[in-house]
1. Working only within region 156-173, note down all residues that are surrounded by 13 or more Cβ atoms within 10 Å (Cβ to Cβ) and part of a helix (DSSP H, G or I).
2. Of the conditions (1) outside any helix (DSSP H, G or I); (2) touching a Phe, Trp or Tyr at 6+ places or on another chain (Cβ under 9 Å), T138 clears all except one; give me its number.
3. Can you spot a residue in region 222-234 that is over 30 Å from I79 (Cβ atoms), modelled with pLDDT under 85 and not β-branched (V, I, T)?
4. For region 92-151, which positions are without any contact (Cβ under 8 Å) to a residue 40 or more places away in the chain and crowded, with 19+ Cβ neighbours inside 10 Å?
5. Filter region 177-213 for residues that are assigned to a helix (DSSP H, G or I) and farther than 22 Å from F145 by Cβ and give the result.
6. Hey, any hits in region 200-208 for a residue that's at pLDDT below 80 and out of contact with any Leu (no Cβ under 8 Å at 6 or more places or on another chain)?
Amino acid sequence: MTNTENASTLQRFNASTAPRPHRPFSVSRILAITFNTLTELTRLRVFYVLLVFALLLIGSSIFMAQFSFQQEFQILKDISLGAISIFTSLLAIVATARLLPQDLEDRTVYTILAKPVPRFEYVLGKIAGVLLLLAISTLVMSAAFLLVLYFREQAVIHATLRQMSGAPPEQIADALRAIRSSALNIDIFPGIIIIYLKACLLAALTLFVSTFATTNIFTIVVMAFIYFIGHLQATAREYWLQEHSSGLLTRVFLAIVALLFPDLQAFNLVDDIVAGTAISLALFTKTALLGIFYTTIYTLLAAFVFYGKEL
């Protein structure tokens with residue numbers, strides 16, 4: 001961020017927070033930090049590069065499947081939802097990793113905390129800005145994905161109507177129902193919500209790591225290891241329990257690993273959506289609450305560490 005942009009950010013923050021009497025907790029101060037953080041993050045070049053990459057991947061997926069309409073829709077969903085998941089995860093890590101180091105380098109944090117603004121509000125505003133950016137990105141990509149899926153559905157319907165122009169109405173109606181059921185189903189929406197909550201979890205965890213990290217590169221490297229461990233720990237845990245005794249010490253050790261490294265594979269519902277398996281309300285609620293729990297815990301831990309950090 002240039003000095004001009006930094007000064008502009010501070011001016012907007014000053015205008016939104018002063019002159020007001022200090023209060024122990026202020027929503028207006030948090031919102032000011034949130035929207036300033038969102039403005040800063042939208043200037044990141046990596047944001048636009050990743051967003052264009054994800055949109056191109058979603059759009060080009062319609063040319064990767066020249067099979068039956070069932071297989072075509074499955075591949076389209078698999079590629080598109082996978083792109084949304086990967087992009088939101090990368091954005092959550094890369095965008096959050098630079099927040100605290102950049103503010104320390106630009107000395108923006110000293111100006112904000114001198115208002116005085118409690119450190120908890122500062123951390124809460126920062127993570128809220130990232131979560132808002134992730135929500136906007138997820139909505140944009142989901143809208144692009146649903147539009148592509150809709151246009152492909154309409155193209156298949158028109159082609160089917162031309163091919164079955166002389167068929168009985170009942171047979172045509174059955175064919176159209178099969179096409180629509182294979183294209184858009186209600187389980188896509190809870191799947192997208194879970195993808196977003198997974199990104200929120202990664203953002204909060206990245207913020208926690210960045211509170212005691214020295215550089216944003218170190219934070220990104222640590223998060224890369226955590227990301228892969230989180231996806232592999234369920235498989236490793238099953239293998240360990242099968243190959244070794246499942247005694248108390250083993251279970252305690254595995255419980256500690258599961259607590260430190262969240263099971264990210266639990267948030268992977270894309271395979272079920274592609275296969276057409278209905279996502280039960282119990283599974284969705286359990287996964288969503290898990291994501292909200294971890295996001296809250298890591299945010300509180302980040303605020304706790306940042307509160308004791310010497311600036």
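1. V156, I157, T160, L161, I172 - these are the residues of region 156-173 that are surrounded by 13 or more Cβ atoms within 10 Å (Cβ to Cβ) and part of a helix (DSSP H, G or I).
2. The failed condition is (1).
3. Taking every residue of region 222-234 in turn, none turns out to be over 30 Å from I79 (Cβ atoms), modelled with pLDDT under 85 and not β-branched (V, I, T).
4. D103
5. R177, A204, L205, T206, L207, F208, V209, S210
6. no
The values are calculated or read from the model by the stated rules, or taken from the named source; none is laboratory data. Not measured: the values here are computed from a predicted model. Don't worry about glycine lacking a Cβ; one is built from the backbone with ideal geometry, like all the others, and counts go over all protein chains shown.
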